[in-house]
Amino acid sequence: MISTTPDAVTRVLAEPRSRRAAVRLLAGAVLGGALAVRAMPAAAGVNQTGWYFCSKCNGVYFSAAPNDVNERGRCPAGGAHKYLGGGGYIMLADYDPGFLHPSYQDGWCFCVKCHGLHYTGAPIGACPAGGKHATAPSGNYVVWVGEPFADVGQQRGWRYCGKCRGLWYAGNGTRGVCPAGGGHQPVAGGNYCLNNRNA
Ligand SMILES: [Zn+2]
Ligand SMILES: [Zn+2]
Ligand SMILES: [Zn+2]
């Protein structure tokens, strides 16, 4: 797994704009617990740790306490999402869209029912906790589309699922388990990268 430092993430953020100093201040911002799902002011922006890969469903989920099974949401493969250890990923949310590198796509949403990440720019997909994914409370998350930024540790291999509208990892040769049934479904052009936390 590629690793990166918060500084590397900062460079991704700052690259196309001149507000470097402001971004540097934001780079260390971490939300946890209840704050993590609270909508934030549009201009503020957060770099949120606490996002992890689930090896049961191949999805990504948020947890403020990943060692606690009751804090890992609902997995479409049954029970809670699995925590493999490690620092996980940094997810960006609630930045002014003009402030971010253009490769970031907004409209991604935390689901308070299953703890997964799903896209709201299409009809809302099925949730493993029942019904559709929740759209509130959540920040407006962004995910990097296309090839990784040069020399910055980003993990490629993430895909958008055309069935559940969730984000899932295709780099291990399986399609995981989709809450809409079967495995997740890759979509042309739906190639994403996640920002790794650090080693
Ligand atoms: Zn899972
Ligand atoms: Zn859900
Ligand atoms: Zn799916």
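The values are calculated or read from the model by the stated rules, or taken from the named source; none is laboratory data. Since the model is a prediction, treat every value here as computed from it, not as a measurement. Neighbour counts run over all protein chains shown; Cβ positions are idealised from the backbone, glycine included.
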> Which residues, counting only those in the range 94-123, are crowded, with 21+ Cβ neighbours inside 10 Å and at pLDDT 95 or above?
Replying inline: TRP108, CYS109, PHE110, CYS111, CYS114, HIS115, GLY116, LEU117, HIS118, TYR119
> So is ALA136 at negative phi and touching a residue at least 60 places away in the same chain (Cβ under 8 Å) or not?
Replying inline: yes
> ALA27 fails exactly one of the following numbered conditions: (1) at pLDDT below 90; (2) within 22 Å of LEU167 (Cα to Cα); (3) crowded, with 17+ Cβ neighbours inside 10 Å. What is the number of that condition?
Replying inline: (2)
> Is at least one residue of the range 93-105 under 19 Å from GLN154 (Cβ atoms) and either within 13 Å of ligand 1 (Cβ to nearest atom) or touching a His at 6+ places or on another chain (Cβ under 8 Å) (or both)?
Replying inline: no
>> I'd like the full set of residues that are under 8 Å from the mean Cα position of the chain (by Cα) and not aliphatic (A, V, I, L, M), limited to the range 88-107.
In response: TYR89
> Does ALA44 count as of a type in the set (Gly, Ala, Ser), part of a loop (DSSP other than H, G, I, E, B), away from ligand 3 (no atom under 16 Å from the Cβ) and touching a helix residue (DSSP H, G or I) at 6+ places or on another chain (Cβ under 7 Å)?
Replying inline: no
